[in-house]
Amino acid sequence: MIELLLFLLLLISLGAIYFLYSKYAKLKEDLNELSFSKKSQSVKYGKLTEQWIPLSNDFPFDPFSFHFLGNPIDGIVFSEDKIVFCEFKSNKSFLSQKQKKIKELILNKKVEWFEFHLKD
């Protein structure tokens with residue numbers, strides 16, 4: 001009789017463990033989907049926002065002098081006395097490695113002019 005009781009207790013315990021594990025796996029999958037969705041939404045929000053920043057009152061340059069590139073930097077301002085490379089960030093975003101390298105090249109004055117003429 002005790003063996004039967006222990007066997008039933010073991011079966012109930014295994015069933016409970018299986019049930020809890022399946023719930024855990026489902027919650028983990030839902031969390032991963034939610035995390036991906038949130039990151040995707042943040043990227044979309046950032047891309048949309050960066051196109052409107054030059055039109056905001058906080059933008060320190062003439063919005064008509066801004067030219068959108070999108071990648072690897074957001075754009076360039078061509079003013080009367082200087083050229084400014086612009087990268088817009090929102091929330092907790094930061095420069096990518098490629099953007100950091102571009103910034104370094106610009107700050108180290110590693111910028112050149114290249115003119116190409118087609119031959120007839």
Review point. So which trypsin sites (Lys or Arg not before Pro) in the stretch 56-120 end up in coil per DSSP with only 15 or fewer other C-beta atoms within 10 Å?
Key: 82, 89, 92, 109, 110, 119
Check your understanding: Just how far, in whole angstrom, is the stretch 74-99 from the stretch 1-46 if you go by their alpha carbon centroids?
Key -> 44
Review point. Tilt of helix 2-52 relative to the longest C-alpha principal axis of the chain, in degrees (0 to 90, nearest 10)?
Key: 10
Study note, to complete from the structure: Going from the fewest other Cβ atoms within 10 Å to the most, one would list 53, 106, 2, 17 as 2, 17, 106, 53
Review point. Cα to Cα, under 12 Å, and not fewer than 8 places away if on the same chain: which aspartates and glutamates meet these conditions relative to residue 47?
Key: 74, 87
Exercise for review: Enumerate the lysines that residue 100 could reach by cross-link, defined here as Cα to Cα under 18 Å, with residues fewer than 8 away along the same chain left out.
Suggested key: 89, 92, 109, 110
Study note, to complete from the structure: Counting all Cα-Cα pairs in the stretch 9-107, those more than 17 Å apart amount in percent to 66
Check your understanding: Size of the dipole of the stretch 9-107 about the Cα centre, Lys and Arg at +1 and Asp and Glu at -1 on the beta carbon, nothing else charged, in debye to 20?
Key -> 600
Point to revise | Calculated [θ] (222 nm, deg cm²/dmol) that DSSP helices of n ≥ 4 give over the chain, each run adding -39,500 (n - 2.57) | key: -18500 deg cm²/dmol
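Every read-out reported here was derived from the displayed coordinates using simple, explicitly stated rules and does not represent laboratory data. If you're wondering where the values come from, they're calculated on a predicted model, not measured in any experiment. No Cβ is skipped: glycine too gets one built from the backbone with ideal geometry, and neighbour counts run over all protein chains shown.
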